[in-house]
Amino acid sequence: MTNSTMAAPSVNARAGRIVETIASNASALRCAVSTGESGERRIDLGANVPGGLEAGRLLGEVCMGGLGTVAITSSSGLEKWPLGVVVHSSNPVIACLGSQYAGWTITEEASGFFALGSGPARALSRVEELYKELGYVDHHDAGALVIEGDNAPPSSVAQSVATACGIAPSKLTVLYAPTGSLAGTVQIASRVLEVALHKAHALHFPLDHIVDGYGVAPIAPPIPDFVKAMGRTNDAIIYGGRIQLFVRGTDEAARKLADALPSSTSSAYGKPFAETFAEVNGDFYKIDAMLFSPALVTVSNLDSGASFHAGKLAPDIVDASFR
């Protein structure tokens with residue numbers, strides 16, 4: 001359930017304003033806007049165009065459904081990699097789990113298309129079981145879907161996505177950028193708070209006790225090789241990310257959450273992600289899910305004023321990954 005009795009804002013309405021900013025400034029952002037056969041709008045932020053850090057920053061805010069801010073910082077916390085993102089949301093459960101999380105598996109057998117969809121369109125389709133727990137429903141006549149990849153989905157897939165969302169294909173915008181692009185690496189770093197929320201959910205911490213959240217992560221240097229790019233962007237969060245959650249409840253629960261959240265609690269912790277990925281022969285699902293979380297965690301209890309810290313940054317592993 002959500003953490004407020006107030007009417008929940010529409011992530012698609014809020015994100016839509018950012019999408020329009022990207023579309024109307026596509027040339028300046030070095031992005032490309034096109035229309036698919038089903039009438040869907042496609043925005044390429046880094047596949048066949050240069051894109052850039054600003055395009056990735058805006059894409060990160062689209063992913064969060066307009067309920068979070070993403071800012072570029074020169075104080076990531078890592079001496080050799082100071083360039084990073086600062087992420088904040090006063091609606092972290094909806095922003096991160098209700099929109100940003102890449103939880104929508106989108107496939108089409110005929111074309112062989114497969115992708116994990118993220119962004120506010122998920123809250124229109126509500127095809128994931130997660131939404132039953134969140135208790136969040138979005139109603140809007142337009143939607144935005146974000147794909148981490150080299151290509152937009154075929155128009156037949158866009159048609160299916162629009163149908164699932166209850167909107168016309170012409171009201172669907174698909175935004176995409178590869179992992180190893182400038183925009184891609186920024187939008188992935190912007191998930192530093194989201195992975196903390198996802199792990200908190202996996203640890204069965206009450207989501208309605210999470211009130212506010214902040215995160216910082218270095219921006220990984222882009223690299224064309226997909227596996228290396230995936231490794232770098234994961235390492236940016238696993239070994240270089242830090243977050244602070246503001247929660248309500250008992251100190252015992254807050255301390256327990258802080259102790260369990262850092263990536264160092266995972267048995268897979270301790271080496272660059274690309275090495276871990278190679279050890280499981282490229283089977284992502286064989287990796288301990290508890291690894292996917294920030295390196296350094298602070299949990300502050302609003303009911304008592306106490307804060308609890310756990311984890312640590314691992315700059316040596318980030319160095320090994322980013323070089």
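Here, each number is a calculation from the coordinates, and none is a lab measurement. Note that this is a predicted model, so its numbers are computed, not measured. FYI the Cβ positions are ideal-geometry reconstructions off the backbone, even for glycines, and counts take in every protein chain you see.
Structure data summary
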read-out	value
Selected residue [surrounded by fewer than 18 Cβ atoms within 10 Å (Cβ to Cβ) and in contact with a helix residue (DSSP H, G or I) (Cβ under 6 Å, 6 or more places away or on another chain)] from SER304, SER267	SER304
Candidate set from region 101-136 (those that are without any contact (Cβ under 8 Å) to a residue 24 or more places away in the chain and closer than 26 Å to HIS204 by Cβ); member that is surrounded by the fewest Cβ atoms within 10 Å (Cβ to Cβ)	GLU129
Pair list, Cβ under 6 Å, 6 or more apart: region 41-58 residue closer than 16 Å to THR233 by Cβ, other residue among the small types (Gly, Ala, Ser) and assigned to a loop (DSSP other than H, G, I, E, B)	LEU45/GLY51; GLY46/SER181; GLY51/SER181
Helices (runs of 4 or more DSSP H) completely within region 222-291 that count 2 or more residues being closer than 20 Å to LEU197 by Cα	226-238, 251-260
